[in-house]
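Report on the structure given below.
The values are calculated or read from the model by the stated rules, or taken from the named source; none is laboratory data. Bear in mind that the values here come from a model prediction, so they are computed numbers and not experimental data. Glycine also receives a Cβ, built like all others from the backbone with ideal geometry; neighbour counts cover every protein chain displayed.
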Amino acid sequence: MKRSTLAFASIAAIALAMPLAAQAGPGKGHRGHGAHLMEMDANADGNITRAEADASLAARFAGIDANSDGFVSQDEMKAHHEAKRAEMKANWEARKAERAAEGKPAREGKMKRDKDPAKAAEWQAKKAEKAAEHWAAMDTDGDGQLSAAEFTAEHIKFFDKMDADSDGTITKAELDAAKAKKKERRGEWRDKKKAEVGE
């Protein structure tokens, strides 16, 4: 794929960079993978089968494929990403209004990096680079758009990773184990950052 194509795709591809991330707004903490996963549990039995995951991804793809031509273009991905951002902002504003109505103090919505222009620019550059790499990984034939097969192949990887016993079903126990492991890694990352700044 041409460098210019990757650059154009970089911001749009962010919407898919974290396929399990629930679309939470600022102040909500880390995005909840568990809640998003359980939305895939179509029959509400507490387990997520490969068929349920495939169906959920197919529905997500169809939602991004605005013209229903069977492909997701970079423009469609960008529009999807912008719509999600608008939704997140609206949810954040609604929560702020609710807190204000309850007499609770407003929570800070900006990350520390957003208050420092240099850090913000650095973060945006890294995000764009990773997003471009992610788009390139998904667009396996390099035609500048995603087929349903390309989209699914990339995003079903999470299912295979979390299905620890490879039986075609993610159980609650497997989900809890994955969440615990993620929490542990998050704690290790925070400890490393604190050590770097001498806290």
_Looking at the structure I just gave you, is Thr140 of a type in the set (Ser, Thr, Tyr) and part of a helix (DSSP H, G or I)?_
no
_Verdict on Asp41 being of a type in the set (Asp, Glu), modelled with pLDDT under 90 and farther than 16 Å from Asp143 by Cα_ = yes
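Table: residues versus (1) under 30 Å from Ala177 (Cα atoms); (2) assigned to a helix (DSSP H, G or I); (3) modelled with pLDDT under 90.
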{"site": "Ala62", "(1), (2), (3)": "no, yes, no"}
{"site": "Glu82", "(1), (2), (3)": "no, yes, no"}
{"site": "Lys89", "(1), (2), (3)": "no, yes, no"}
{"site": "Ala121", "(1), (2), (3)": "no, yes, yes"}
{"site": "Gln124", "(1), (2), (3)": "no, yes, yes"}
{"site": "Glu129", "(1), (2), (3)": "no, yes, no"}
{"site": "Ala136", "(1), (2), (3)": "no, yes, no"}
{"site": "Phe151", "(1), (2), (3)": "yes, yes, no"}
{"site": "Glu154", "(1), (2), (3)": "yes, yes, yes"}
_Of all residues being aliphatic (A, V, I, L, M) and either at pLDDT below 90 or in contact with a Phe, Trp or Tyr (Cβ under 8 Å, 6 or more places away or on another chain) (or both) in the stretch 44-60, which is surrounded by the fewest Cβ atoms within 10 Å (Cβ to Cβ)? Just the residue, please._
Ala44
*Could you tell me which numbered condition Gly142 fails, if it satisfies all but one of (1) at pLDDT 90 or above; (2) surrounded by 11 or more Cβ atoms within 10 Å (Cβ to Cβ); (3) over 17 Å from the mean Cα position of the chain (by Cα)?*
(2)
*asked:* Can you tell me how many residues within the stretch 145-199 are of a type outside the set (Gly, Ala, Ser), loosely packed, with under 15 Cβ neighbours inside 10 Å and either touching a Leu at 6+ places or on another chain (Cβ under 7 Å) or within 30 Å of Gln74 (Cα to Cα) (or both)?
replied: 3
*From Glu188, Glu150, residue being without any contact (Cβ under 8 Å) to a residue 40 or more places away in the chain and over 28 Å from Ile48 (Cα atoms)*: Glu188
_Residue tally, condition within 20 Å of the chain's Cα centre (by Cα) and without any contact (Cβ under 8 Å) to a residue 24 or more places away in the chain, over the stretch 163-173_ = 0
*Test: Lys28 is out of contact with any helix residue (DSSP H, G or I) (no Cβ under 9 Å at 6 or more places or on another chain) and at pLDDT below 70*: no
*Would you check if Ala173 is closer than 28 Å to Asn43 by Cβ and modelled with pLDDT of 95 or more?*
no
